[in-house]
Structures are given as structure tokens and as C-alpha cells.
Amino acid sequence: MKDEEYMKLALELAGRGVGRTSPNPMVGAVIVKAGRVIGQGWHRRYGGLHGEREALADCRESPRGAVLYVTLEPCCHTGKQPPCTEAILESGISRVVTGSRDPNPLVSGKGIKYLRDHGIQVDEGILKDECDGLNYVFFHYISTGRPYVVMKYAMTMDGKIATRTGQSQWITGENARRRVHEDRHRYSAIMAGVGTVLQDNPSLTCRMEHGVNPVRIICDSRLRTPVDAEVVLTARSVPTILATCCREEGRYKPYVNAGCRILPLPSTEGGVDLKELTNRLGREGIDSILLEGGGTLNWSSLESGIVSRVQAYIAPKIFGGGAAKSPVGGLGTSCPDHGFRLKNSRVTALGGDFLIESEVDNHVYGNC
């Protein structure tokens, strides 16, 4: 097998940690000796062994003289775990093949330098694009300190997220809804506005087998969330944050008693200051947010510049109706050149539905 084939195996292993390593990256490692895989592992959960140490622990024979394939540059600092570079050196491994460089300033090239300085051959950049793509959340979070925000919505082919009567369940089919729950497992938090809570009374939980529930964040500037809403009634079992501009602390009590956390924030013209909200969440270790808001929150999120990716689930249906809601509301742009542009789009078929995913290009174009 070639280096690329062993790295593909390491990537597959790394992906098994999805939803459980945050805010750490997903990492997979494979140890090969004389053309045989003698050990493999991945970072299983935050605080647990890193992929390299998992692979070393899995070895069925001495790794001395072997080659280590790892999707991310080995760490060289002490965090929840000791440096992987030391474990590699002590193991007698003679060559290390990496995919991505770690953008963490505590590592960023230092891990590779340490290994080379101690006589280990290091080859970089094998399947780099695939390895970088695996940890797009980590790369964004470690470089900005803010969570990676994915704005998700489901709509009909005529751009409606509900009928004229406000009904929205269900626009898409089972395959698309299953994918949504996989993403609720993938990302650290899920965010919605109070309007969604009042309209749909959602649980905002992950309903896939063995899935991890995201932290729930409700943007509620005037603290209108009903105390008997599903997100409040289940707050002791699923962490729930009410982000609000309300400063009347006497109104906090029923929510706090139910297990919710109140996060007072400055206000902006559109309600809660979303930039400050994401800054604070980032400082608390929340590295990613799945935004499942309505048109108002979606527009405010785009306008504030916090959105990194858009997921549009499109169902082969037409609702019609001038009063039927569309996925993005707000004031809107004044001219076509000032619209939010998307890039690097890809399309996935999910049963009869389609998912279009695009990155947000926050560059301002043109003059009107």
C-alpha cells in the first residue's frame, strides 16, 4: 500500500470521533511495520488519549522502526494529555507521515520540528485537502476563538419554509431529516430564536442512535420563552442557554429553577448582540453552532458576520402564497451586488430532496 492508502485509513478512523472530541480536532493514526498495520487508533473523546497514543496502545508488536500515519501534526505541548511527540520518540518509530499542520500556535510546526530534531523522518501534506476538510471546525475555532456557525434551513423549490398557515412539518423527507440529526450530533451547539420556540415548541435534540445532544441556545431578547416550553422542561437533562437583553433578574428565577442558564447580553438593532454571543460561547469552549432559526434570526446572523456555512435543504414541492415565510427575512439588501455571496458549493441528493452546502464569502462586492 502507498502512503495515500494508509492515510485514507487514518482519515476513516479519525471520522469515528465526530461529535465527541470538541473542542479538540478529530485525529486518526495508523502504525505500519514491514507492510503490515500493527496498530491503529483515533481520538475518541475530549480529554481522552490522542489518536497517536491510541494507536501505540493498540500495537500488537514493537513499533520500533515502524511508520506512523497521522491526519494532524502531533502535539508537542501538555494539555489534557501529555505531548504525543514524546510518545512517538519513546516508541522507536522511525518515520512519521502527516496530513494537516496544526494551526494551534502551541503546535503549528513545532511538533514536526521536534520530531526532526530528534532524528525522525517526517513527510508532510499527504492527502492534505482531505485532512484539512475533516477539521474545518477546529481550524476556524483555533484561529478565531469563535464558533463555526452553520446556518441550516429546509425550503420548497419556491423558497418557502412554511405554508401560509405557518405549518412546516415536514418539508423534507426522512433521509434529509436523518442528516440533520447527524449534524446535531456533529456540532457543539444548536441555536434558534424565540419565534421558533413559540411557533413550533421544538426539543432541539439529537435523535440518532448513540447521538450526543448539542447545547441549546435560544436567542430571546425580551425573555418571552414560555416556562412550559420543551426546551425549558428538559433543561436539566440537556444544557440550555437563554441569551437575552432582559436585565430584570427577577424574571430569571423560573428558568434558572428549571435548569436553564441565563446569559445577559448587549442589544443591537436586531435584538441580541450575536457577535458578542459567539465571542462568549467561544471562550467557553463551544466550537460550533448549528443555526436552526427562522427568517429574522437568519438575517441577523448573516448581517452580523457570524455565519461560515449555509445548508439549504430543498424539497421538490411548491407551497406558493405571498404570505408564506421564506428562510431569510429582515430588511434585506438594497441592491443585487450587495447580496451575501456563497462559494465552494456542493450538492448532495438525500432521497427525493437535495442539500446544497456553501461557504459564506463575507467580502463586500460592488457599489449601488
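The values are calculated or read from the model by the stated rules, or taken from the named source; none is laboratory data. Source: prediction; values computed, not measured. So basically every Cβ, Gly included, is an ideal-geometry build from the backbone, and we count neighbours across all protein chains shown. SASA here: full protein model, heavy atoms, side chains in, ligands and nucleic acids out. Shrake-Rupley method; radii C 1.70, N 1.55, O 1.52, S 1.80 Å.
Using a Cα-Cα cut-off of under 28 Å, which lysines could be cross-linked to Lys8, ignoring same-chain neighbours fewer than 8 residues away? Lys8 reaches Lys33, Lys80, Lys110, Lys113, Lys128, Lys343. Entry for the chain at q = 0.06, 0.11, 0.14 Å⁻¹: log10 I(q)/I(0) = -0.27, -0.83, -1.15, Debye formula applied to identical alpha-carbon scatterers, no solvent contribution. Peptides 279-291, 253-265, ordered by how many other C-beta atoms sit within 10 Å of their residues on average, highest first, read 279-291, 253-265. Computed on the chain, with alpha-carbon pairs under 8 angstrom and 6+ residues apart, the relative contact order is 15 percent.
Roughly to the nearest percent, how much of the accessible area of the chain is carbon and sulfur, given a 1.4 Å probe? Using a 1.4 Å probe with all protein chains present, the chain comes out at 49 percent carbon and sulfur.
Available extension along the chain between Met157 and Thr333 is 61.2 nm, counting 0.36 nm per residue and deducting the alpha carbon span. Rolling a 1.4 Å probe across all protein chains gives Arg178 an accessible area of roughly 120 Å².
Within the P(r) computed for the range 75-186, what percentage of the Cα pairs occupies the region above 25 Å?
Counting every Cα pair in the range 75-186, those more than 25 Å apart make up 47 percent.
Ranked by solvent-accessible area (1.4 Å probe, protein heavy atoms only, all chains present), the residues Asp228, Asp123 order from largest to smallest as Asp228, Asp123. Compared with the dominant Cα axis of the chain, that is its longest principal axis, helix 295-304 is turned about 50°.
Per-residue Karplus couplings for the range 152-166, computed as 6.51 cos²θ - 1.76 cosθ + 1.60 with θ equal to phi - 60°, are listed in order as 10, 8, 10, 9, 7, 5, 9, x, 10, 9, 6, 6, 5, 8, x Hz, Gly and Pro entered as x.
May I ask you to derive the FRET efficiency for Glu86 and Glu182 from their Cβ-Cβ distance with R0 = 35 Å, giving the value to the nearest 0.05? Computed FRET efficiency for Glu86 and Glu182 comes out at 0.45. Dipole magnitude for the range 286-368: computed about the Cα centre from +1 point charges on Lys and Arg Cβ and -1 point charges on Asp and Glu Cβ, it is near 220 debye. Counting charges near Ile142 (Lys, Arg +1; Asp, Glu -1) among other residues having Cβ under 9 Å from its Cβ returns a value of -2.
For the chain, what is the accessible area per residue in Å², given a 1.4 Å probe and the full set of protein chains? Provide the component values of the computation, followed by the final result.
Numbers: 17250 Å² over 368 residues.
About 47 Å² of surface per residue is accessible.
A full extension of the chain between Lys253 and Met1 corresponds to an added length of 84.5 nm, given 0.36 nm per residue minus the alpha carbon distance. Residue-normalised convex hull volume from the C-alpha trace of the range 6-161: 122 Å³ per residue.
Take every Cα pair under 8 Å whose residues are at least 6 apart in sequence, average their separation, divide by the length of the range 76-168, and the relative contact order is 23 percent. Across the range 134-209, the relative contact order, built from alpha-carbon pairs under 8 Å that are at least six residues apart, equals 19 percent.
Charges only on Cβ, +1 for Lys and Arg, -1 for Asp and Glu: so what's the dipole of the chain about the Cα centre, in debye to the nearest 20? Write out the running numbers ahead of the final one.
Working: 45 positive and 41 negative charges, 121 e Å.
Dipole magnitude for the chain comes out near 580 debye.
The distance linking the range 117-151 with the range 330-349 is 27 Å (Cα centroid to Cα centroid, whole angstrom).
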